[in-house]
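These notes are about the structure you will find just below.
The values are calculated or read from the model by the stated rules, or taken from the named source; none is laboratory data. In this text, all values refer to a predicted model and were calculated from it rather than measured experimentally. Here the Cβ positions follow ideal geometry from the backbone for every residue, glycine too, while neighbour counts run over all protein chains shown. For accessibility, only protein heavy atoms count, side chains too; no ligands or nucleic acids. Shrake-Rupley method; radii C 1.70, N 1.55, O 1.52, S 1.80 Å.
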Amino acid sequence: ILNICWLIKINVRETIMTRINQRWLLNKRPEGMPEDDCWKWEEVDVPELKDGEILIKSLYLSIDPYMRGRMNDAMSYTGPVQIGDVMVGESAGIVIDSKSDNFKPDDYVCVHGGWQSYVAVRGDGPELFKADPDIVPLSTYLGTVGMPGRTAYFGLTRLGKPKEGETVVVSAASGAVGTVVGQIAKILNCRAVGIAGGDVKCSYVTDELGFDACIDYKGGNLEQDLKQACPDGIDVYFENVGGEVTKAVAKLLNPGSRVPICGFVSKYNSRDIMNEETPFDVFGTMRPKPKHRFFVVTEWFDHWADATKELSGWIKEGKIKYRETVTDGLINAPQALRDVLSGKNFGKQLVKVADE
C-alpha cells in the first residue's frame with residue numbers, strides 16, 4: 001500500500017510539472033485583415049507557482065474588436081501588444097493551484113491573461129474578477145455581465161444619460177455591447193433603435209430583444225430607413241461602427257444629444273487608420289456640436305461589481321437576453337477574431353478553450 005501511494009504521489013507531481021500551456025504570440029503587425037501568420041502558436045511548460053500566485057485553467061476566451069487595434073504599432077488608450085508577446089485578451093476559468101490567500105482551487109475567475117490555456121498571476125492582481133456560475137453561466141462573465149455588458153452599462157447610463165421617452169440609437173446592435181445598450185434603453189423607458197447588418201440580425205434585435213426598430217445598413221436605404229425609425233430625431237447615439245453609419249446618424253441628432261463613442265470597427269482593418277475619417281471628425285464639425293467623447297470601461301473600475309450585479313439581476317428577471325457564438329478550440333482564435341471584424345459572429349464571440 002505504501003508503494004502504491006508513493007507511486008501515485010510521484011505521478012501527480014510529474015503531471016503538474018509537465019502540464020503544457022498552449023498560447024498564441026503576436027508574430028507580426030497586420031496589414032488589413034489579420035492573417036494566420038500574424039500569430040505564432042507555441043507550447044511551453046507551465047512554470048511552478050511562486051508565493052502569492054495562482055494558476056488558472058482557461059475555459060473560455062473572449063474575442064473582441066479592440067484586439068485588432070492592439071495589434072498595431074500605435075498608442076491608443078493603452079499600448080500595443082509587442083511582437084513575441086502573448087496576444088491580449090480576457091478569459092474565464094477555474095483556479096487549479098494556489099499559493100495565495102485570496103483564491104483557492106475550484107474558484108472561478110476572470111483574468112486578462114491573453115490567448116493561452118493556462119494563466120499564472122498574482123492572487124492580489126486588480127485584473128482578477130471572481131465569477132459565480134450559479135448566478136449566470138461562466139461564459140456570460142465575458143459577455144453580458146462582463147466587459148461588454150459593463151461597457152454598455154456605463155457608456156449609456158454615465159455618458160448617454162438617457163431620459164424617459166428619448167430615442168436611443170446603437171450601431172452594431174446585434175453584438176455583445178449593442179444588444180445590452182438597447183435593452184437597457186428599454187428598461188429606462190426609452191425608444192430603442194438598432195443598426196445591424198442583414199435581415200436575420202435585425203429580426204433578432206426587434207423580435208427577441210424587444211428593440212422598437214432595427215435598420216439594416218446593408219439594405220441600401222440607411223438614411224431614409226433611419227429617419228423613418230426616428231421621427232423625433234435622435235437623443236443618444238451609442239457609437240460602435242463609424243463610417244457611413246455615423247454620417248447618417250449625425251443628420252438626425254437633436255440639439256443637446258449625447259454620443260458615447262465605444263469604437264468604430266468599420267475602420268479597424270484600414271491600412272492607414274491614422275488618416276481615416278473618425279466619429280470625432282464627424283461630430284466635432286457639427287453645429288451645434290453634440291456632447292461626445294471616447295470612453296473605456298476601466299474609467300468605472302471601482303463600480304464593476306455593482307454593474308455586474310445589476311446586469312445579472314436583469315437577466316434573471318428576463319429583461320436582458322443574449323446570444324453567444326462559441327468557436328471550439330484555442331487553435332481557432334485567429335479565425336474567431338476575423339469573424340468579429342467582418343461581422344460574421346452573432347452576439348458575444350467566445351472561444352471554448354477547454355472543458356472544466
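Observations
- Labels on offer are (i) 17.4; (ii) 19.1; (iii) 21.8, and the one holding mean projected area of the Cα convex hull in nm² computed from this structure is (ii).
- The DSSP beta bridges internal to the chain are antiparallel in roughly 55% of cases.
- For segment 77-135, the spread of Cα positions along the three principal axes, ordered from largest to smallest, is 35, 26, 21 Å.
- Of F264, F238, F294, the order by accessible heavy-atom surface (1.4 Å probe, DNA, RNA and ligands excluded), from most exposed downward, is F294, F264, F238.
- Excluding same-chain neighbours fewer than eight residues apart, the lysines reachable from K57 by a Cα-Cα span under 17 Å are K99, K104, K130, K352.
- The chain, accessible surface, carbon-and-sulfur percent (1.4 angstrom probe): 50 percent
- Per residue, segment 263-356 exposes 56 Å² of solvent-accessible protein surface, assessed with a 1.4 angstrom probe and all protein chains in place.
- When each of K218/K289; K163/K247; K218/K309; K201/K227; K289/K348 is checked by Cα-Cα distance, pairs over 26 Å: K218/K289; K218/K309; K289/K348
- Ligands, DNA and RNA aside, K50 has an accessible area near 140 Å² when probed at 1.4 Å.
- For segment 155-194: rounded, prolate or oblate by the Cα gyration tensor [a/c cutoff 1.5]: prolate
- Where D232, D124 fall by accessible area, highest first, once all protein chains stay in place (1.4 Å): D232, D124
- Protection-proxy order for peptides 216-226, 329-339, 171-181, each taking the mean of Cβ atoms within 10 Å per residue, highest first: 171-181, 329-339, 216-226
- Area of C214 that stays accessible when all protein chains are in place (1.4 Å probe, Å², to 10): 20 Å²
- Take R122: with every protein chain present and a 1.4 Å probe, its accessible area is about 120 Å².
- Its DSSP H runs of at least 4 residues, each contributing -39,500 (n - 2.57), put the calculated 222 nm mean residue ellipticity of the chain at -7000 deg cm²/dmol, to the nearest 500.
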